Amino acid sequence: MKIADFIGGGSGIVLGTYVLYEGSKMPADHIMKIGPSYFPDALAIGLIFFSAILIIYAFLGRAKGESESISFKDKGIQRSLISLAAIFAYALLFNSLGYPLTTIMLVGGIMVLLGKRDPKQIAIVALATTFGVWAIFAKLLMLSMPMGILDGLM
Amino acid sequence: MDFDFGLLYHSFGNVMLDWHVMLMIFIGVTGGITIGALPGLTATMGVALLVPFTFGRPPVESLGMLLGIYCGGMYGGSISAILIRTPGTPAAAATVLEGYPMGQRGEAGRALAMALFASFTGGMIGALIMTFLSPYVAGVALEFSYVEYFALALFGLSVIISISGTSIIKGVMAGLFGLLLSTIGMDPISGFPRFIYGQMDLMEGPAFIPTLIGLFAVAELFSNIEKMGVTEKIQAKIGQYLPSWADIKTSMPNILKSSLIGTTVGAIPGAGGDIAAFVSYAEAKRSSNHPEKFGTGLVEGVAATESANNACSGGAMIPLLSLGVPGDSVTAVLLGAFIVQGLQPGPLLYKEHMDVVYNVFAAMIVANVAMLIVGAVGVRFFARVIGMQKEILIPVIFILSLCGSYAMRQNVFDIYLTIGFGVVGYIMQRYHYPLSPILLALILGPMAEANLRRSMVVSGGDWHILFSRPIAVGLMILGVAFMVASVFNHKRIEKRLAEARLSGSEGTTE
């Protein structure tokens, strides 16, 4: 937890400093004394202060709790990263390929990733989920979902 | 502000005579119990996940459904607590103490029946107290100006300390991060765009629903994927749907007492159903004629914890409706759902949309009755749901999350936003940074900033205006007192946990 707290505190200081830098470029308000940068600046100073305390605590060995380190060799982490890549690809292809195809691929892909191997079960769940969610959003709530290359068929 | 019985009567008509509203409430309750029963899926996640299903529906239908999820989710947690010793929600953690031993003795049906009855009674008492009390609180708040609203936002933000989890520093850092996120977009007074980097989709700040779904649903999914376990099979036979008269008679004093405790605890910002349940359990044990039997599977214990955590939801709605300050993460999500509907909870809601407020009262009461019906009829189904394979559940929730984020603005940018906040939430959770402060800050940040800036406009930049109104000063003092009390409380809990760990390790050594 000690290293994680150093990294967390360091990230907080970097973020706070960056906000202060961005704030310095915002226009000042001389009449009301507080302009658009006032609130973000105050918060950034607070974040830097508490991040520094976190680092000091970690340095003094008073870091709280325990956490496992992230190892890319760990199967669970690998699964999480692959699923992240899969949903990112889903967002990327959502408009061009369309909702139905991307959804069938994502559901099927994640089921395989999580250990399902029965093609019949995968197909049923993927199709049922795709159709069920589409029916709720497009038919019940009247919200349009992109059909992509299937546009005109559905 | 006087209570309007005529309007309440009319609101019951609006809710009960419109089948669309009733259908939404029943769908909400069923969804809430299902999500509550599934370990790892919290009521907050349930409400966040199902908010997109309310887009485009009239407020009474949408809010009815969300209140149904809230009530159902609170009860649903007890099912897995009793059957597999895993509380579906944190609020059901205390139910494990008596419920699971009852299940082990072959009395799972009896425990589940009492959990349902106690949840219903507690929920009704909480809802009734909310109905009759919140108009009076809102009446006082109607006198508020910008200064009081700023003070109210500060008071609301003081809750961050009490929902910080293991580390106050990390909780405050999460809150400050959330407040910084709330400054993204147009400045509320001058309209100057801040931190948007030319991205017009960020002009109004990070969209609330995608942020919410990312932090509370997608982050949880990553965590579930990482720690995939074996799904437990349910062995217990459930043959009882409602408690026996003898059980009701034995448990009624505890149910009534715990419902009052639950409502009071719920009304305190930051104190949720888990605290209410443990306080009520301790009180039931203290006042019992046979305290030594607690822990062996007593039906009174289940009654105390379940009535308290469900009464808590009514209590938590009091500050939400009357002051616009969410008391916990579920009510923070509900506040977002109100905003999506174009309604801003708080005293002005009573002035401008009194009909909506009374519809909420009626819907909350009806949702509790719906919970009793759905819970009794579907208990076997919900028990089976717990055994649902995660390999099927996770991809389905992924699709609901991503499509739910997309649906509101029909913009792929919101899917990216959800994924981004999912990753941030996952990393933060892994390193013990609580997520609820971010949500609270995202809601109260704009309220604090806009009202502070408006106060400055009114006073011509004179800071003394913040200390010129007694209610504002009172709220600020209350906020500081609340923070100090939370810090001390946190230290006390830590001390007790350390003592418990010490005695535990000694026990192991022996």
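Please average, across the residues of A:54-60, the number of beta carbons from any other chain that are within 10 Å of each residue's own beta carbon, and give a whole number.
Values: counts 5, 0, 1, 2, 0, 0, 0.
Per-residue shielding by partner chains comes out at 1.
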What net charge do the residues around B:V279 carry, taking every other residue with its C-beta under 13 Å from that of B:V279, with Lys and Arg at +1 and Asp and Glu at -1? +1
So how tilted is helix B:273-286 from the main axis of chain B? Cα-based, degrees 0 to 90, rounded to 10. 40
Nonlocal Lys pairs with alpha-carbon distance under 27 Å, chain B (8 or more apart, or different chains): 16
Would you list B:V484, A:V107, B:V385, B:V47 from fewest to most Cβ contacts within 10 Å? B:V484, B:V385, A:V107, B:V47
In degrees, nearest 10, range 0 to 90: what is the angle between the Cα axis of helix A:2-24 and the longest Cα principal axis of chain A? 80
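Scan chain B and hand back the longest stretch that contains none of the trypsin sites (Lys or Arg not before Pro) lying in DSSP loops with at most 16 other Cβ atoms within 10 Å. Walk me through the numbers before you get to the answer.
Values: sites that count: B:R85, B:R105, B:K227, B:K233, B:K237.
Here the longest run is B:238-510.
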Per 0.36 nm of contour for each residue apart, how much would the distance between A:F131 and A:D74 grow if the chain were fully extended, relative to their Cα-Cα spacing? 17.1 nm
Mean Cα-pair separation over length for chain B, i.e. relative contact order, pairs under 8 Å, 6 or more apart, %: 28
What is the angle, in °, between the Cα long axis of helix B:470-509 and the longest principal axis of the Cα atoms in chain B? Nearest 10 is fine, range 0 to 90. 40
Sorted by average packing, counted as other Cβ atoms within 10 angstrom per residue and highest first, what order do B:184-193, B:299-308 take? B:299-308, B:184-193
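Quick one: order B:T89, B:T34 by neighbouring beta-carbon count within 10 Å, fewest to most.
B:T34, B:T89
Is there a simple number for the mean count of other chain Cβ atoms within 10 Å of the Cβ of residues in A:129-140, and what is it?
On the way: counts 7, 2, 0, 3, 7, 2, 0, 6, 9, 1, 0, 3.
The mean count of partner-chain Cβ atoms within 10 Å per residue comes to 3.
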By Cβ neighbour count within 10 Å, fewest first, B:V51, B:V377 rank B:V377, B:V51
What percent does the relative contact order of the stretch A:75-150 come to when contacts are Cα pairs within less than 8 Å and at least six residues apart? 40
Cβ neighbours within 10 Å from other chains - mean over B:171-180: 6
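Any read-out appearing in this document is the output of simple, stated calculations on the displayed coordinates, not a laboratory observation. Computed from a predicted structure; not experimentally measured. Cβ coordinates were reconstructed from backbone atoms using ideal geometry, including for glycine residues, and neighbour counts include every protein chain displayed.
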